[in-house]
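Before any comments, here is the structure.
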Amino acid sequence: EGGAAGGDFIDLGTFVGDPPEHIDPALNSTLDAYQVINAVYDGLTDIDTSDPADPKIVPHVAETVEPNEDASEWVFTIKEGQTFAGGEEILPSTFKKSWERAGILAGDYSYLLTFIEGGQEMLDGAATELSGVTADDEAMTLTVTLSAPYSNFDAVAGFQLFMPVPEEAIEAGEGWESEAMFGNGPYKLESPRTDEEIVLVKNDEWAGDFNGETWD
């Protein structure tokens, strides 16, 4: 009572332990850092928890997700007109290159690439491309052939390792997270992270709805 109207609301958060080692989706393996990654990047799929008793895997950056009869091949149709905060268009080939980058960087969760045909070869250093991934940018389809049938691959495909990164990240390799990272999520880094702070600002190019409604 009696306070002046106006001013800025600042939400300050802290990590429960040491500063996160990585905030790159290809390299992170901690829950704390995932809070940052989840704010900066959107994946092919997401979890709809509007009914807590019945959470569902739903398309996110993908418009549709279609497995074949035995779930050994998955076709993700990517929504058109989506961009990273830097303006680069998000295409099926964006995901293929991002996943191959993750294989080359070989983070703690890179073993998840072995779900995909050719993933083990990448991790073994015998290949530089994922033979089981075909990107058709004209048709906007990403076709993923698995090393074995797996009915829950749509859930795996939304995990941080499989989130798309821009060309700048692919060119920078592991050095990407020492820059002012940006992705396709609702926020981006205001400046390069330090061990003292990670500052996120609104990504005005995000395809979603900041009022909290699910975007489609």
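A few comments on the model shown:
- Over region 138-197, Cα pairs under 8 Å with separation of 6+ residues give a relative contact order of 20 percent.
- Using the empirical formula 2.2 N^0.38 Å as the baseline, the Cα radius of gyration of the chain reaches a ratio of 1.06.
- The label point for A139 and the one for T64, both projected 7 Å from the Cα toward the Cβ, are 1.2 nm apart.
- For the chain, the solvent-accessible area with a 1.4 angstrom probe is 54 square angstrom per residue.
- Residue-level accessible surface for Y34, protein heavy atoms, 1.4 Å, Å²: 70 Å²
- Protection-proxy order for peptides 55-66, 89-100, 128-139, each taking the mean of Cβ atoms within 10 Å per residue, highest first: 89-100, 55-66, 128-139
- Each residue, E168 and S131, gets one label point 7 Å from its Cα in the Cβ direction; the gap between the two is 3.6 nm.
- Between E88 and S191, the simple label model (points 7 Å from Cα in the Cβ direction) yields a spacing of 2.4 nm.
- Area of M163 that stays accessible when all protein chains are in place (1.4 Å probe, Å², to 10): 10 Å²
- Solvent exposure ordering (accessible area, 1.4 Å, most first) of S72, S50: S50, S72
- Counting only protein heavy atoms and a probe of 1.4 Å, the accessible surface of the chain is 47% carbon and sulfur.
The values are calculated or read from the model by the stated rules, or taken from the named source; none is laboratory data. These figures come from a predicted structure and were not determined experimentally. All Cβ positions, glycine included, derive from the backbone under ideal geometry; neighbour counts span all protein chains shown. Protein only, heavy atoms only, side chains kept; ligands, DNA and RNA dropped before computing areas. Shrake-Rupley method; radii C 1.70, N 1.55, O 1.52, S 1.80 Å.
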